[in-house]
Amino acid sequence: MKTKILLMMLISSLSTLTSAKDIELTTGILQDEFKDFVNEFGTSLLFTPMAPAEPLGVTGFDVSLDLMITDINDSDAYWKKFFGGSQPYSYIPTPRLHLQKGLPFNIDLGAMYVTVPDSNIKLWGLEAKYAILEGTVATPALSVRASYSQLQGIDELEIETQSLDILISKGFLMLTPYAGASMLRVNGREKTELVALDDVEETEYRGLLGVQFSPFPLLNINGEYSFGKIPQYGLKIGIRF
């Protein structure tokens, strides 16, 4: 059932990319509306894990194309304000290029870049992961991960995110299920003379569930679900070795 819902949301999100959707700040935005917007939109900018806890190893690489979908409250009036009066996305889609490299001492470093077609939404992010336990045939892997992302492309708005995750995973043949818990922070501020709004700083906690499927050597397909105040769904297709 969840797979069917995810596929429907992916199709819906891809269809929204055919029409231009620029985010902009206009007059009439209230402080509470700005706070809710920063919280929801900022969550869509998070650099989510999309990988098991196990380290890549010194020679390891992971190169992938990801699509994150954030389930926003698009029926709330403030979303229409931030889209210049036009109908907002039903979901915020963030397609991204994601790179990871394994280093010594069970450390992985990663980076991402996002640009939403026909939109002014762009962002970049960095991540660092340390595997406390590498994992074996009989035992799971356990890791901690820190990430940072920053919004680009919207001159009137500055949003950055930080997250700290703890992840656990265990491989079974072609499948590697993983789970985690996250603490995340979203910081936002406006940079326009049209409104005078206070900066927003939001901290939240949430969980995540995912699975990595490796049908062929090197090829990996991941599905991920983050559950909390603002749900997110992810799909990743890449090469991992």
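The values are calculated or read from the model by the stated rules, or taken from the named source; none is laboratory data. As the structure is a computational prediction, the values presented were derived from the model and not from experiment. Here the Cβ positions follow ideal geometry from the backbone for every residue, glycine too, while neighbour counts run over all protein chains shown.
Inspection of region 73-89 finds no residue satisfying the criterion of being surrounded by fewer than 21 Cβ atoms within 10 Å (Cβ to Cβ) and in a strand (DSSP E or B).
Does D155 qualify as being at pLDDT below 95 and over 17 Å from M68 (Cα atoms)?
Values: at pLDDT below 95: yes; over 17 Å from M68 (Cα atoms): yes.
Yes, satisfied.
Can you pull out every residue in region 208-237 that is under 13 Å from the mean Cα position of the chain (by Cα) and exposed (fewer than 15 other Cβ atoms within 10 Å of the Cβ)? The answer is F227, and nothing else. Among the residues of region 161-170, those identified as without any contact (Cβ under 8 Å) to a residue 40 or more places away in the chain and within 25 Å of F34 (Cα to Cα) are Q162, L164.
Residues that are in a strand (DSSP E or B), of a type outside the set (K, R), over 14 Å from the mean Cα position of the chain (by Cα) and surrounded by 16 or more Cβ atoms within 10 Å (Cβ to Cβ) within region 104-132 comprise I107, D108, A131, listed in sequence order.
Only a single item in (1) at pLDDT 95 or above; (2) closer than 23 Å to Y91 by Cβ; (3) not polar (S, T, N, Q) is not met by K170, and it is number (2). Among the residues of region 57-72, at least one is part of a loop (DSSP other than H, G, I, E, B) and in contact with a helix residue (DSSP H, G or I) (Cβ under 9 Å, 6 or more places away or on another chain). For region 70-114: of the residues being of a type in the set (S, T, Y) and in contact (Cβ under 8 Å) with a residue 60 or more places away in the chain, which is nearest to A53 (Cα to Cα)? The residue in question is T70. Considered as a group, the residues in region 208-229 that are of a type outside the set (A, V, I, L, M, F, W, C) and in a loop (DSSP other than H, G, I, E, B) include one that is farthest from E33 (Cα to Cα), and that residue is P217. Is at least one residue of region 24-32 in contact with a strand residue (DSSP E or B) (Cβ under 7 Å, 6 or more places away or on another chain), modelled with pLDDT of 85 or more and hydrophobic (A, V, I, L, M, F, W, C)? No: region 24-32 contains no residue that is in contact with a strand residue (DSSP E or B) (Cβ under 7 Å, 6 or more places away or on another chain), modelled with pLDDT of 85 or more and hydrophobic (A, V, I, L, M, F, W, C).
Restricting region 173-207 to residues that are among the β-branched types (V, I, T) and out of contact with any Phe, Trp or Tyr (no Cβ under 9 Å at 6 or more places or on another chain), the residue that is modelled with the highest pLDDT is T203. State whether one or more residues within region 42-54 are in contact with a Lys or Arg (Cβ under 7 Å, 6 or more places away or on another chain) and modelled with pLDDT of 90 or more. Yes, region 42-54 has at least one match.
Regarding region 182-202, can at least one residue be identified that is among the basic types (K, R) and under 18 Å from V63 (Cα atoms)? Among the residues of region 182-202, not one is among the basic types (K, R) and under 18 Å from V63 (Cα atoms), which makes the answer no. Applying the criterion of being charged (D, E, K, R) and not in a strand (DSSP E or B) to the residues of region 169-207, the residue that is surrounded by the fewest Cβ atoms within 10 Å (Cβ to Cβ) is E193.
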